[in-house]
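One structure is given here, and the rest of the page talks about it.
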Amino acid sequence: MFEREKKQVLDTALEIKRCGLVSLSGGNVSLRAGDGQYLVTPSGMIYEEMVPDDVCLIDDDCRVIEGERKPSSDASALVYMFQHLPVNAIIHTHQPWATACGFLTDELPDFLVTIMDACKNPVKVAPFTPSSAIGMGELAVEYTDDSLAVILKHHGVVTYGKDLEEALFAAVYLEESAKTFAIAKAMGAEIPALDPELIAKEKAGWETYGQ
């Protein structure tokens, strides 16, 4: 089942690897597959060595419905996020620039078009919880606050979307924004707050972006 969707999950995992947001087998990609069912990348597998059938289909109790692999160690946190957020796709990365900004600020503001467009709202920094625990999902939900991303302190990033493309754009453009933020801070620059009306106009333009 879900052969096309499994390939989409794997293609997205390969893309976050290509964009430098994870290394080796880090992070995970997951997709809502139906009522109480989710496609999740397997635990500890290098993405280039995976095939679509390695993607696991799990239920609300993290039981494997289809597949021979063990699902991501973050499965319980991912299921919690799916249960408590109106999203269909979740990407978890260890992207370095955004993670570094989690030590510099408690919130990455709406200061750059990329974060306004792709993340929708400022990105908050959630406190640390160990990975592979449901607490990661609980804090991610608590700190998301209508953004499509949250930074996990000492850990990485979670992004969301109505589909895998939206979650991917959020992850990649958050990293670009975080890099700009960190460089500006290192240069001693003050980053001024923008007029909310201008931010709203920028976000509105994103709604008609693309073909």
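FYI, it's all coordinate maths here, none of it is from the lab. What you see is a predicted model, and the numbers here were worked out from it, not measured in a lab. All Cβ positions, even for glycine, are placed from backbone atoms using ideal geometry, and neighbour counts span all protein chains on display.
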Check your understanding: Among the residues of segment 55-72, which ones are crowded, with 17+ Cβ neighbours inside 10 Å and in contact (Cβ under 8 Å) with a residue 24 or more places away in the chain?
Key -> Val55, Leu57, Gly67, Arg69, Pro71, Ser72
Revision key, fill the gap. Reported set for segment 19-54 where residues are touching a Leu at 6+ places or on another chain (Cβ under 8 Å), under 17 Å from His94 (Cα atoms) and either without any contact (Cβ under 8 Å) to a residue 24 or more places away in the chain or assigned to a helix (DSSP H, G or I) (or both) is Ile46, Tyr47
Revision key, fill the gap. Exactly one of Ile90, Ile16 is in a helix (DSSP H, G or I), in contact (Cβ under 8 Å) with a residue 40 or more places away in the chain, in contact with a strand residue (DSSP E or B) (Cβ under 6 Å, 6 or more places away or on another chain) and of a type in the set (Val, Ile, Thr), and that one is Ile16
Point to revise | Residue ranges of helices (runs of 4 or more DSSP H) in segment 108-195 with at least 3 members aromatic (Phe, Trp, Tyr) and buried (at least 17 other Cβ atoms within 10 Å of the Cβ) | key: 164-186
Point to revise | Identity of the residue in segment 66-122, out of contact with any Asp or Glu (no Cβ under 6 Å at 6 or more places or on another chain) and of a type in the set (Lys, Arg), that ends up farthest from Val150 (Cα to Cα) | key: Lys70
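Collect the residues in segment 2-27 that are among the charged types (D, E, K, R), surrounded by 14 or more Cβ atoms within 10 Å (Cβ to Cβ) and more than 22 Å from Glu176 (Cβ to Cβ), keeping them in residue-number order.
Selection gives Glu5, Lys6, Lys7.
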